[in-house]
Amino acid sequence: MSESLLESYRVLDLTDEKGFLCGRILGDMGADVIKIEPPGGDSSRNRGPFYHDIPDPNKSLYWFAYNANKKGITLNIETKDGQQIFKSLVKHADFVIESFSPGYLESLGLGYEDLSQINPGLILTSITPFGQTGPYSHYKASDIVSMAMGGLMYLSGDPDRPPVRVSFPQSYLQGAAAAAAGTMTAFYYRQISGEGQQVDVSIQEAVIRATLQPRMFWDVAGRIVERAGQYRTALSALSTQRVVWQCKDGWINFPIFGGVAGARTNRALAQWMESEGVSDKFLLTKDWEAFDMATATEAEIRDIEGRLVKFFMSHTKTELLEGSLNKRIMLYPVFTVEDIVTCAQLKGREFWEEVEHPELATSIIYPGAFIKMSQTPCQIRKRPPIIGEHNDEVYRGEFGFSKGEIAALKQGGVV
């Protein structure tokens with residue numbers, strides 16, 4: 001295999017939770033990512049859960065998840081000495097990623113215009129709730145705000161209840177992933193032109209882009225997709241269709257389709273039911289080729305669904321998945337966390353990676369890199385850094401500071 005895609009490039013990571021994943025993705029691709037934290041460590045290190053449930057800034061599993069493949073130094077960029085050190089780091093960096101409020105870095109003399117004077121090829125990626133411009137640009141936003149103002153909450157939940165958000169925060173991850181894509185796009189441009197630029201990422205806009213499919217229903221059919229809980233809407237003007245079903249040990253996803261694919265899978269399911277003594281003449285003899293989801297009535301859909309409930313409840317997720325694979329039925333299990341960890345597919349792709357944590361005298365299993373590449377390996381190469389772990393490597397090894405100078409910087413609250 002060749003070297004990693006970004007092996008010879010350096011990233012200075014100034015982000016908080018809004019951008020952690022961006023640095024992690026670039027690190028997975030081989031970049032030398034230096035996570036810069038304030039002296040004492042990033043506040044997100046105090047976010048649980050913790051290894052063995054012991055609260056400790058160096059044992060946060062949340063921190064572990066998004067900061068693997070990074071080195072770690074401490075630096076107070078609000079001090080004059082800290083700003084000079086950061087500018088020195090920028091001279092030899094390729095990317096800076098940050099998630100401060102618009103104007104903050106400029107107030108420190110570290111904005112894009114300032115840094116590009118030092119390094120014209122620098123790519124500065126800024127990740128904020130609403131972007132660098134516009135009337136909301138200086139507003140702050142938690143995950144629930146971004147999910148709401150990005151439109152995803154409007155689509156999530158039951159129709160007779162208020163909107164809800166996905167239980168685990170998602171919007172920051174959407175924004176950070178968009179930031180990684182934008183950073184690599186700017187990098188491609190730099191390879192052609194030699195010029196750096198600022199990448200402006202709005203988390204709100206990143207969430208909105210996740211709703212492109214519902215927007216197409218309006219463009220094509222003039223229909224507004226709304227919350228439907230375990231049902232699906234918009235395929236028919238006359239009905240909703242159930243897609244989430246309870247089974248013996250959990251839940252499955254089974255959409256009732258029309259057309260050629262629907263005819264094959266619906267008939268195969270009816271035949272499977274009959275082979276197990278759950279005969280249903282209606283399902284067996286129905287002209288599925290003529291079944292049209294666009295004109296199916298609510299009563300017709302509810303009648304079909306009612307005939308399937310008992311069969312699904314008599315089987316486990318595994319039984320239904322294996323039977324569906326054998327019979328070419330479009331049915332899928334709803335995985336729990338345990339199901340994901342034990343999934344044969346993920347194991348077969350070596351998705352899980354064992355990462356050594358010498359400071360804990362153990363190893364921890366991590367989800368692997370976000371993609372696999374045949375020529376330029378994308379993988380976890382180092383565990384997340386403990387607070388200030390690479391201060392000596394950077395400040396002594398690269399800057400040539402003596403132990404006394406580092407001690408003075410620490411005493412002055414710079415590192």
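Order by neighbour count: E276, E205, fewest other Cβ atoms within 10 Å first, most last.
Details: E276 11, E205 16.
Ranking E276, E205 by Cβ neighbours within 10 Å, fewest first, gives E276, E205.
May I ask you to derive the FRET efficiency for K140 and E276 from their Cβ-Cβ distance with R0 = 35 Å, giving the value to the nearest 0.05? Let's see the in-between values first.
Working: r = 56 Å, r/R0 = 1.61.
Between K140 and E276 the formula returns 0.05.
Express in nm, to one decimal, how much length is gained between E78 and E7 on full extension, taking 0.36 nm for each residue of separation and deducting their alpha carbon distance.
22.5 nm
What list of ³J(HN,Hα) couplings, whole Hz, do you get for segment 118-133 from phi and the Karplus terms 6.51, -1.76, 1.60, once you set θ to phi - 60° and write x for glycine and proline?
7, 9, x, x, 5, 10, 10, 9, 10, 10, 9, x, 10, x, 7, 10
Would you grab the residues whose amide H sits under 5 Å from the one on A296? Only those 5+ places off in sequence or on another chain, please, with H modelled 1.01 Å from N.
none
Averaged over every viewing direction, what's the projected area of the C-alpha convex hull for the chain? Give it in nm², one decimal, please.
24.9 nm²
For R223, R45, what ranking results if the residue with the fewest other Cβ atoms within 10 Å of its Cβ goes first?
Values: R223 16, R45 21.
The most exposed by this proxy come first: R223, R45.
Taking a ≥ b ≥ c as the square roots of the Cα gyration tensor eigenvalues, with a/c under 1.5 meaning rounded and otherwise prolate when a/b beats b/c, else oblate, which class fits segment 229-341?
oblate
Can you give me the distance in nm between label points at M313 and Q246, each placed 7 Å from the Cα along the Cα-to-Cβ direction?
0.7 nm
Would you compute, from DSSP H runs of 4+ residues alone, the mean residue ellipticity of the chain at 222 nm, taking -39500 (n - 2.57) per run and dividing by the full residue count, rounded to the nearest 500?
Estimated from H runs of four or more residues: -10500 deg cm²/dmol.
What distance in nm separates the simple spin-label points at A299 and C343, each placed 7 Å from Cα in the Cβ direction?
4.2 nm
What is the order of C247, C378, C343, C22, fewest Cβ neighbours within 10 Å to most?
C343, C378, C247, C22
Please compute the modelled spin-label separation between A181 and E405, points set 7 Å along Cα→Cβ, answer in nm with one decimal.
If labels sit at E405 and A181, their model points lie 4.4 nm apart.
What is the set of long-range amide H partners of C247 at a cut-off below 5 Å, with H atoms built 1.01 Å from backbone N?
Answer set, sorted by chain and number: I252.
Every read-out reported here was derived from the displayed coordinates using simple, explicitly stated rules and does not represent laboratory data. Bear in mind the structure is a predicted one, so any value in this text is a computation, not a measurement. When we count neighbours, we look across all protein chains shown, and the Cβ atoms used for this are built from the backbone with ideal geometry, even at glycine.
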